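Novice: I'd like to ask you about the structure that follows.
The values are calculated or read from the model by the stated rules, or taken from the named source; none is laboratory data. Small disclaimer: the values here were computed from a predicted structure and weren't measured. Glycine gets a Cβ as well: all are built from the backbone with ideal geometry, and neighbour counts include every protein chain shown. In case anyone asks, the SASA skips ligands and DNA or RNA and just uses the protein heavy atoms, side chains included. Shrake-Rupley method; radii C 1.70, N 1.55, O 1.52, S 1.80 Å.
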Amino acid sequence: MHSDSQHTTDVLVIGAGPVGLTAAGELRRRGVGVRVVDRLPDRLPYAKAVGIQPRTLELWDRAGLVGKVLEAAVPMLGQLLYVDGAERGRFDLVLPPEVPYRFAALPQYETERILEEFLEGFGTRVERGTELVSFEQDDDGVTARLVHTAPDGNREEEVRCRYLVGCDGAHSAVRKGLGLTFEGGAFPDEYMLGDVEVDWDLPHGYGVRSLHRGADGGVDDALVCIPLPGDGRYRMSMTVPPELSASGRDGARGDAVAHGLETGRAPSLAQVQAVLDRLSPRPATASALRWSSVFRISHRLVDRYGRGRVFVAGDAAHIHPPTGAQGMNTGIQDAWNLAWKLALAVAGRAHPRLLASYDAERRPVGEEVVGRTVRHAAEGVQADPADPATLILREAQLLVGYRGSPVVDGEAPGGGPGPGAGDRAPDCGGLRGRIAAYPLRLFDVLRGRGHVLVVYGAAAADASNGSFGRLAHQARQASRGLVETCAVVAGDGAPPEGAGPPVYRDTGGEFARQYGVREPTAFLVRPDGYLGARLPLPAEHSLAAHLARVFAG
């Protein structure tokens, strides 16, 4: 092994799964220098995480890459429940009409391909066969030691970076290097996954959950099938047969965390067929086995999401049952939350305490997801006390929010509907500009931007009296140009003319309804699509106070 001299970059990302690729892509989109390394020589061909939540699609809309996902994915319409061969329920995934995206399914390797191509569009490629072996941090940055594996011999490299982000999974070297605790436990059961085609006549787009109850009434056998792109193709999850069981072999990987795919124990097509013969609600023959594996499930959460200049995200921070397809989506949102804050810090534009809000905002989310998925795995989603509409919104991750965060400000809506500071900024349609001959969505206006101050006026006079322009000028000055502004006014007709921010007419009143406003109000939409502030006008003093908590003075 030989060593190279020290190299530098702004941010070093460890792990090139969906979470690491999201972090890297968002940083590069904001002009930050990034290197992404992964110890594996190639992208894995496994459909591990397959569920894509509507909230994740909204974020990909913000980045401008959602179209590629929509072309590759298939809709996830709901789930059919069978118990002892009889249909016991049909759970339809129905969302309010104002939510722009529905549930989808996409193999993880396709998600990674799309994100990797997006990253390559900024001139950054994943450095594969590269492993983090150690790191040390000081007040100014992080020094990491990497080992590159190659046929002609391994090469060691020292990298100096300003920040290090560990997206390296349940067995994270970054988490261990930080000395973070990872408390939780493991489920005793083992499962097997298989990616197959079946010839049954069940409705397309629905997942299938088929259970068998033993003499004591408890579930003693289970089959869960999630639709994938392709005719009759599913990712199937089943109880592992005795001949594949690794009872008593916990920790065989040399790691105390028993979570994820196992190597060396690949179920055969015949073993998958045996489960279908027992549990399929229709006669079915499996074929075209693309891959299979045995896997274990643990539930764990770190005590903190970072220390100093080093952070963890995704499975490196939280692991839990795959119920409801929450894991990868939660990790992607970890990465998004962290990336925009890191970008400001790298540019010297972040308030000194902004990065601490990553843990303050995301760790409670991780804690809630771990607890909920463990309950659902034990009792079933149907045991959730929430009403069905709330349950679906929560599974879609549309109820994730940061009220009480140290970096959000403003009043909650006055007893009516609409988001408060820290809530998701909802989409709406019917916005009319001066040039486009078609109505726009609010997400069209926000796409590709960072912080956007959206100022609502109940009448055209609100936009033409100069107050909107003064507020836009103040936002630009306080953020040194990092906050853009647009205005929305009620009513039909052409938007008013004049200097100041772009103005859109809320022709159908959708913005007013979704945001619960009647009086002039300013909404600061963060880069991750959450409201940093909701401020009644005049808002000069309150806006200045909020921006001072986010941006460097």
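Novice: Which pairs have Cβ atoms under 9 Å, sit 6 or more apart or on different chains, and link a residue in region 117-128 that is loosely packed, with under 13 Cβ neighbours inside 10 Å to one that is part of a strand (DSSP E or B)?
Specialist: What qualifies is 125/36.
For every residue, the table says whether it meets (1) under 25 Å from residue 348 (Cα atoms); (2) in contact with a Ser or Thr (Cβ under 7 Å, 6 or more places away or on another chain); (3) basic (Lys, Arg); (4) in contact (Cβ under 8 Å) with a residue 60 or more places away in the chain.
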site: 7; (1), (2), (3), (4): yes, no, no, yes
site: 13; (1), (2), (3), (4): yes, no, no, yes
site: 31; (1), (2), (3), (4): yes, no, no, yes
site: 39; (1), (2), (3), (4): no, yes, yes, yes
site: 58; (1), (2), (3), (4): no, no, no, yes
site: 72; (1), (2), (3), (4): no, no, no, yes
site: 91; (1), (2), (3), (4): no, no, no, yes
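Novice: Related question: Among the numbered conditions (1) in contact with a Lys or Arg (Cβ under 9 Å, 6 or more places away or on another chain); (2) free of Cβ contacts under 8 Å to residues at least 40 places away in the same chain, tell me where residue 550 comes up short.
Specialist: Failed condition: (2).
Novice: Hey, another quick one. Looking at region 96-135, which of its residues are assigned to a strand (DSSP E or B), under 21 Å from residue 164 (Cβ atoms) and touching a Gly at 6+ places or on another chain (Cβ under 9 Å)?
Specialist: 126, 132, 134, 135
Novice: If you don't mind, another one. Within the set of pairs 6+ apart or on separate chains, which have a first residue in region 534-545 that is over 15 Å from residue 467 (Cα atoms), a second that is assigned to a loop (DSSP other than H, G, I, E, B) and open to solvent by 50 Å² or more (accessible area, probe 1.4 Å), and C-beta atoms under 7 Å apart?
Specialist: Partner pairs satisfying both residue conditions: 534/411.
Novice: Ok, one more. So which residues in region 19-58 are over 22 Å from residue 450 (Cβ atoms), at pLDDT 95 or above and either hydroxyl-bearing (Ser, Thr, Tyr) or in a helix (DSSP H, G or I) (or both)?
Specialist: 54
Novice: Given (1) within 24 Å of residue 211 (Cα to Cα); (2) crowded, with 16+ Cβ neighbours inside 10 Å, identify the lone condition not met by residue 87.
Specialist: (2)
Novice: In addition: Is it the case, given these coordinates, that residue 488 is out of contact with any Leu (no Cβ under 9 Å at 6 or more places or on another chain), aliphatic (A, V, I, L, M) and modelled with pLDDT of 90 or more? Give the steps one after another, and end with the answer.
Specialist: Numbers: out of contact with any Leu (no Cβ under 9 Å at 6 or more places or on another chain): no; aliphatic (A, V, I, L, M): yes; modelled with pLDDT of 90 or more: yes.
So residue 488 fails the test.
Novice: For residue 455, work out the one condition from (1) modelled with pLDDT of 90 or more; (2) part of a helix (DSSP H, G or I); (3) open to solvent by less than 20 Å² (accessible area, probe 1.4 Å) it doesn't fulfil.
Specialist: Evaluating residue 455 over (1) modelled with pLDDT of 90 or more; (2) part of a helix (DSSP H, G or I); (3) open to solvent by less than 20 Å² (accessible area, probe 1.4 Å) leaves (2) as the failure.
Novice: Still on this structure, please answer the following. Those residues that are under 22 Å from residue 308 (Cα atoms), open to solvent by 50 Å² or more (accessible area, probe 1.4 Å) and either under 29 Å from the mean Cα position of the chain (by Cα) or of a type in the set (Val, Ile, Thr) (or both), I need them from region 135-159; list them, please.
Specialist: 136, 137, 145
Novice: Pairs only if they're at least six apart or on different chains, beta carbon under 8 angstrom, first in region 308-331 and closer than 17 Å to residue 399 by Cβ, second of a type in the set (S, T, N, Q) and surrounded by fewer than 24 Cβ atoms within 10 Å (Cβ to Cβ); list them, first residue then second.
Specialist: Final answer for the pair search is 326/397; 329/397; 330/397.
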